[in-house]
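Asker: Can you read through this structure? Questions will come right after.
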Amino acid sequence: MRVYRLAMQIAEQENADMLIVQLAALLHDVDDVKLLSETHEAKKNAVGFMKNSGVDDKVIAYACKIINEVSFAGIDSVVPSTIEGKCVQDADRLDAMRAIGIAGTFAYAVVKEEEYMIRI
């Protein structure tokens with residue numbers, strides 16, 4: 001919700017399509033490759049939610065394009081091709097720099113370390 005609220009503030013200032021920003025901001029992590037690699041490629045959770053909510057197929061495709069562009073993995077960063085994508089990516093990255101985002105980074109590292117240690 002933090003990313004959503006921040007993305008909406010940015011989108012309003014940038015005159016972006018609010019519906020697209022809303023959907024992409026709310027759903028940008030539901031198929032995150034770091035958490036759900038099996039649903040990541042097809043965006044099964046995001047697409048399923050939007051279809052069940054009666055969202056038009058063109059809007060779904062646009063929101064999924066943004067979700068793909070917002071993802072960040074090491075040095076494989078993409079500059080979004082649309083203003084809506086830029087709004088969501090900026091909000092996501094600004095949120096990650098806040099204390100709660102930093103705490104989340106540490107929590108994720110602990111979980112991954114535990115998984116690694118279990119496999120050894």
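Asker: Taking a probe of 1.4 angstrom, what is the accessible area of ILE102 in Å², to the nearest 10?
Answerer: Number for this one is 80 Å².
Asker: Remind me, relative contact order of region 1-93 in percent, using alpha carbon pairs under 8 angstrom and six or more residues apart?
Answerer: Dividing the mean separation by the residue count of region 1-93 yields 35 percent.
Asker: Next up: What are the ³J(HN,Hα) values, in whole Hz, obtained from phi via the Karplus relation 6.51 cos²θ - 1.76 cosθ + 1.60 with θ = phi - 60°, for each residue of region 80-85 in sequence order, with x given for Gly and Pro?
Answerer: These are the phi-based 3J(HN,Hα) values: x, 8, 10, 5, 5, x Hz.
Asker: Kindly state, to the nearest 0.05, the FRET efficiency for VAL33 paired with ALA96, given R0 = 25 Å and r defined as their beta-carbon distance.
Answerer: 0.95
The values are calculated or read from the model by the stated rules, or taken from the named source; none is laboratory data. Only a predicted model underlies this, so the values are computations on that prediction, with no experimental measurement involved. Note: ideal-geometry Cβ built from the backbone for every residue, glycine included; neighbour counts use all protein chains shown. Each accessible area value is taken on the protein alone, full model and side chains, heavy atoms only, with ligands, DNA and RNA left out. Shrake-Rupley method; radii C 1.70, N 1.55, O 1.52, S 1.80 Å.
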